[in-house]
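Notes follow once the structure below has been shown.
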Amino acid sequence: MAKAAVSHPLFARIYPRINAFAEAHGSVEHRQEMLAGIHGRVIEIGAGLGSNFVHYPAEVEQVVAVEPEARLRAVAEQAAANAAVPVEVRAGRAEELPADDDSFDVAVFSLVLCTITDVPAALAEARRVLKPGGELRFYEHVRSDNPRFFRLQRIVNPLWRTLGGGCNVTRDTERAIQAAGFTVKEVRRFVFRINGRANPGSPSIIGTARPST
């Protein structure tokens, strides 16, 4: 049975401002770092506003961008027109990707695994659609390694999720990726401070993984 459509009307209205503020303070560089060197066919899972589209290298043949939230998807469709590479925006959920088995060279998760209800299912779907030897790229909010900061994340997480389109800042995303049958090849952990200040969503990772053999 198909899952119900995703609807976050409040978040969809405020997210463009949040994203623009983050990009003005460094997240553009984070996106570029995540996408550097990729090529071939790419599936971007949870494309949001399409903020990654202008950063894909010329070696990318096509991006299939899957976004379940209709308001965000409409913005992504507009962004696709100005993309650096061919982009096709599709409706769909991470847990049930509208794509064939073994059909992509790279799968991209960008600030979305924190919002997905069933992370193991989403990662299993990413593995399903990747070609043998394919690659997973990720840039995500994660739980802090600092016990005191993690306690703060746990306290504010219910409200954060409500206002942030389901964003769960207490997830150990690297461990989830490994548990889904991927081997993490590279990972950089950092705290994304804006104007020197950290917020509950600041602990982050950028990395690369491949399906374990």
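Would you confirm whether or not the range 30-47 contains a residue that is free of Cβ contacts under 8 Å to residues at least 24 places away in the same chain, out of contact with any Ser or Thr (no Cβ under 8 Å at 6 or more places or on another chain) and not in a loop (DSSP other than H, G, I, E, B)?
Here is the first cut: in the range 30-47, the ones free of Cβ contacts under 8 Å to residues at least 24 places away in the same chain are 32, 36-37.
Filter once more, so that each one left must be out of contact with any Ser or Thr (no Cβ under 8 Å at 6 or more places or on another chain): 32, 36-37.
Next, only the ones that are not in a loop (DSSP other than H, G, I, E, B) stay: 32.
Looking through the range 30-47, at least one residue is free of Cβ contacts under 8 Å to residues at least 24 places away in the same chain, out of contact with any Ser or Thr (no Cβ under 8 Å at 6 or more places or on another chain) and not in a loop (DSSP other than H, G, I, E, B).
Quick one: count up the residues across the range 82-141 that are among the polar types (S, T, N, Q) and over 25 Å from R189 (Cβ atoms).
2
Which of the residues belonging to the range 91-132 are assigned to a strand (DSSP E or B) and open to solvent by less than 60 Å² (accessible area, probe 1.4 Å)? Walk me through how you get there before you give the answer.
Filtering the range 91-132 down to residues assigned to a strand (DSSP E or B) leaves 93, 96, 104-110, 130-132.
Answer for the range 91-132, where residues must be assigned to a strand (DSSP E or B) and open to solvent by less than 60 Å² (accessible area, probe 1.4 Å): R93, F104, D105, V106, A107, V108, F109, S110, L130.
Look at the range 165-179 and say how many of its residues are assigned to a loop (DSSP other than H, G, I, E, B) and in contact with a strand residue (DSSP E or B) (Cβ under 9 Å, 6 or more places away or on another chain). Let's see the steps before the verdict.
Step one: list which residues in the range 165-179 are assigned to a loop (DSSP other than H, G, I, E, B), which gives 165-172.
If we keep only those that are in contact with a strand residue (DSSP E or B) (Cβ under 9 Å, 6 or more places away or on another chain) too, we end up with 165-169, 171.
Selection size over the range 165-179: 6.
Does E33 satisfy being out of contact with any Gly (no Cβ under 9 Å at 6 or more places or on another chain), over 24 Å from F192 (Cα atoms) and either crowded, with 22+ Cβ neighbours inside 10 Å or among the charged types (D, E, K, R) (or both)? Give the derivation first.
Working: out of contact with any Gly (no Cβ under 9 Å at 6 or more places or on another chain): yes; over 24 Å from F192 (Cα atoms): no; either crowded, with 22+ Cβ neighbours inside 10 Å or among the charged types (D, E, K, R) (or both): yes.
No; evaluated as a whole, the condition is false for this residue.
Against the definition (charged (D, E, K, R), at pLDDT below 95 and either open to solvent by 30 Å² or more (accessible area, probe 1.4 Å) or more than 22 Å from L35 (Cβ to Cβ) (or both)), how does R161 come out, yes or no? Spell out the reasoning first.
On the way: charged (D, E, K, R): yes; at pLDDT below 95: yes; either open to solvent by 30 Å² or more (accessible area, probe 1.4 Å) or more than 22 Å from L35 (Cβ to Cβ) (or both): yes.
Here the answer is yes, as R161 does meet what is asked.
For the range 50-85, which positions are part of a helix (DSSP H, G or I) and farther than 14 Å from I38 by Cβ? Lay out the reasoning, then the answer.
Of the residues in the range 50-85, the ones part of a helix (DSSP H, G or I) are 53-55, 70-80.
Those that are part of a helix (DSSP H, G or I) and farther than 14 Å from I38 by Cβ: V54, A70, R71, L72, R73, A74, V75, A76, E77, Q78, A79, A80.
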* To do: Would you mention how many residues in the range 9-30 are within 16 Å of the chain's Cα centre (by Cα), open to solvent by 50 Å² or more (accessible area, probe 1.4 Å) and closer than 13 Å to G201 by Cβ?
  => 1
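When the residues of the range 186-212 are narrowed to those that are of a type in the set (K, R) and either assigned to a strand (DSSP E or B) or touching a residue at least 24 places away in the same chain (Cβ under 8 Å) (or both), which ends up farthest from N157 (Cα to Cα)? Before the answer, list the steps.
Initial filter on the range 186-212 (of a type in the set (K, R)): 188-189, 193, 197, 210.
Next, from what is left, pick out any that are either assigned to a strand (DSSP E or B) or touching a residue at least 24 places away in the same chain (Cβ under 8 Å) (or both): 188-189, 197, 210.
Numbers: R188: 23, R189: 20, R197: 18, R210: 30 Å.
If we take residues in the range 186-212 being of a type in the set (K, R) and either assigned to a strand (DSSP E or B) or touching a residue at least 24 places away in the same chain (Cβ under 8 Å) (or both), then R210 is farthest from N157 (Cα to Cα).
The values are calculated or read from the model by the stated rules, or taken from the named source; none is laboratory data. Predicted model only: the values in this text are computed from it and were never measured. All Cβ positions, even for glycine, are placed from backbone atoms using ideal geometry, and neighbour counts span all protein chains on display. Quick note on the areas: whole protein, heavy atoms, side chains included, nothing else; ligands and nucleic acids left out. Shrake-Rupley method; radii C 1.70, N 1.55, O 1.52, S 1.80 Å.
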